[in-house]
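One structure is given below, encoded as structure tokens.
Computed from the coordinates by the stated procedures, all read-outs in this text should not be read as laboratory data. Note that the coordinates shown come from a computational prediction; the quantities given were computed from them, not determined experimentally. Please note: Cβ atoms are built from the backbone with ideal geometry, for glycine as well, and neighbour counts cover all protein chains shown.
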């Protein structure tokens, strides 16, 4: 039987990982910002006295994480946060059934109650007008399922942007595939006409509260919106066909 390697040797970071940590420490120490250049692979290799291959691996790892932008012939630069990296993680979790659409809705609910409150306080006149137009487009979409879903996604995106907290926009963008999946559930073909109207009304109520600057009203309207979503997902998973309970419908 092969003897297991000592635990400390298994936990020891690779040389490329140490190079990556060194570069991140340099970014912090020098207070670099997105768009700023970082030392080249050659410079770091000479400074740390490590092989070019280890440095290249470290830089490629940081590029894959969306931290560095590497283009041929140019010094690497720091990138702005890219939701695409997180999106890959969330999409993988969803497609491999490690999380469900219901989990996504629960997470979104926690985030979007806050975004609605902040948007009511900080949305610009242009953002308020954009929200009104999106609700009107959603209502006029008729049987165009794809258009309704696109309007739903766009409404939540604008609300996140209007919150003034960039993390809200980043998280929502990273959850784009699950968000679109939950939006599709809102408007799936198994919902009655009264339910579809109720969903659109719920969006309009959120937008109305935001546009009027009613922060607590926006939270209440967004809560109702997600209550509808959670009930419908639970009903869909159980295979039931009844309408939304009256207690929620009248809230």
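A Förster radius of 35 Å combined with the Cβ-Cβ distance from residue 18 to residue 106 puts the calculated FRET efficiency at roughly 0.35.
Using r as the Cβ-Cβ distance of residue 212 and residue 33, and R0 as 41 Å, what FRET efficiency do you calculate, to the nearest 0.05? Efficiency for this residue pair is about 0.65. Panel order for 103, 156, 84, 203, by other beta carbons found within 10 Å of each beta carbon, from fewest to most: 84, 103, 203, 156. Each of 155, 230 has some number of other Cβ atoms within 10 Å of its Cβ, and from fewest to most they run 230, 155. Distance between the pseudo-spin-label points of residue 52 and residue 85 (7 Å out from Cα toward the beta carbon): 2.6 nm.
Neighbour counts of other Cβ atoms within 10 Å put 209, 147 in the fewest-to-most order 147, 209.
Does region 7-78 classify as rounded, prolate or oblate by the C-alpha gyration tensor (a ≥ b ≥ c root eigenvalues; a/c under 1.5 gives rounded; else a/b over b/c gives prolate, otherwise oblate)?
Details: a/c = 1.76, a/b = 1.52, b/c = 1.15.
Since a/c reaches 1.5 and a/b is larger than b/c, the shape of region 7-78 is classed as prolate.
Report the FRET efficiency, 1/(1 + (r/R0)^6), for residue 26 and residue 167, where r is their Cβ-Cβ distance and R0 is 22 Å, rounded to 0.05. Efficiency, from the Cβ-Cβ distance: 0.35.
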